[in-house]
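Below you'll find the structure, written out as structure tokens, and then a few comments.
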Amino acid sequence: MDAIVGTSALKAAEDALELAVILPTFKEADNVEEVVRRLDAALAGIAWEAIFVDDNSPDGTAERIREMGRLDRRIRCLERVGRRGLASACVEGMLATSAPLVAVMDADLQHDERLLPHMLERLRSRAGLDIVIGSRFADGGSASGLSAERASKSKLATRLSRGLIAGELKDPMSGFFMLRVNVLREVLPNLSAVGFKLLLDIFASARRPLVFEELPYEFRERSRGSSKLDRAVALEYLILLYDKAFGRFVPTRFALFAAIGGLGVGIHFAVLTLFFKALGEGFGTSQTIATLGAMTFNFFLNNALTYRDQQLRGPRRLFLGWLSFCFVCGIGAAANVGVSTFLFEYQGALWTLSALAGVLVGAVWNFALSSRFTWGRY
């Protein structure tokens, strides 16, 4: 009996999972089967699994992955509902595996899966190595799959990131890399997990210089599906840079919420001027319209940017979200007036400081309650 148990344990050790490939997906139903076929060919002889993290794709991506997973236990689907974001999806996928090594790559077939065994070999053979990066810009690499516009944006983003990371990393914007799971857990408490650039986030969050190697590869052109990059993604990158530089002083989401609130003040006065001065409406009517206009502007911009990872979609959710946001902000406005009046009339504070304190109280109130009751409830 002991011999049988020993043989089973030895067999299990030989088959022990070594590598997990994390593939974040959104509307990639046409690509997932081909990705698995290519991984199977590239990783022959390696104990691996593929974890697809799908953000509730409307095209049936998750269903396709689960169909494959029923026939192949190496294929797993982690479906997320009510939140989005490539970086956060990758982190959740990496935390869901028991493998000691994890690779991140896209499911759009632009990353060269044939580089994975070479990445694995570098991590196997060099004990102190933390991470291996597939680089488009290292000697021998190519970004030919990028359009001219995307290539120029990538170079600009690389220059902007220089002050956040130690070491001469040629391609900090790469979305194709392999690392040890213990390195992820080391940086996890400091990760922002915002937007698309997880590699930059990992390097900027590390308390020590990470030991890395870059291996060149050719970035392919996308043959099927459509790119998920848009202007909001560029803004998310700037948000990530802010978070790594200043987020420990003023939380990034609050800073963005407050900035949009400042824009809302401009919208308020523009609408007020239009109705009161240009159209001749009464001040009370004009002020009411301006207030609702500013709240509506703030709600939709916050929904698109501040809470993009929890974005409300569909007419019903948007309407209920707008109602709750207006209700919360209405109470916040009352708190603003109450605090500023109390400080000015009863405490003798300067009117400017009283007004500023009221604004701050209202902003914190609006942020805290809308985070919980407008977006957090979904």
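The values are calculated or read from the model by the stated rules, or taken from the named source; none is laboratory data. Owing to the predicted nature of the structure, the values given are computational and were not obtained by experimental measurement. With ideal geometry, Cβ positions are generated from the backbone for all residues, glycine too; neighbour counts draw on all protein chains shown. Each accessible area value is taken on the protein alone, full model and side chains, heavy atoms only, with ligands, DNA and RNA left out. Shrake-Rupley method; radii C 1.70, N 1.55, O 1.52, S 1.80 Å.
One table, with the values for the structure above:
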item: The chain, helix-only ellipticity at 222 nm - DSSP H runs n ≥ 4, -39,500 (n - 2.57), divided by all residues, nearest 500; result: -16500 deg cm²/dmol
item: Calculated FRET value between residue 185 and residue 327, using beta carbons and R₀ = 45 Å, to 0.05; result: 0.65
item: Using a Förster distance of 45 Å, the FRET efficiency for residue 317-residue 139 (Cβ separation, nearest 0.05); result: 0.35
item: Backbone N under 17 Å from the residue 349 label point (7 Å along Cα→Cβ), restricted to the range 311-340; result: 332-340
item: Dimensions in Å of the range 18-92 - Rg and Dmax from alpha carbons; result: 11.8, 38
item: Mean separation of Cα contacts under 8 Å (6+ apart) over length of the range 252-374, as relative contact order %; result: 23 percent
item: Approximate spin-label separation residue 288-residue 170, in nm, with each point projected 7 Å along Cα-to-Cβ; result: 6.6 nm
item: Per residue accessible area of the chain, 1.4 Å probe, in Å²; result: 51 Å²
item: Antiparallel content of DSSP bridges confined to the chain, in %, to 5; result: 25 percent
item: Efficiency of FRET from Cβ geometry, residue 246 and residue 47, R₀ 35 Å, rounded to 0.05; result: 0.25
item: Restricting the range 18-120 to GluC sites (Glu not before Pro) in coil, as DSSP defines it, with at most 13 other Cβ within 10 Å; result: none
item: Extended-chain gain in nm, criterion 0.36 nm per residue less alpha-carbon gap, residue 18 and residue 373; result: 123.5 nm
item: Rounded percent of accessible protein surface that carbon and sulfur make up, the chain, 1.4 Å probe; result: 60 percent
item: Relative pair counts by distance (%), Cα atoms of the chain, 20 Å bins; result: 24, 47, 23, 5, 0
item: Net +/- balance of residues flanking residue 178 in space, Cβ distance below 12 Å, scoring K and R +1, D and E -1; result: -3
item: Added length on full extension, which subtracts the Cα-Cα distance from 0.36 nm per residue, residue 211 to residue 33; result: 60.7 nm
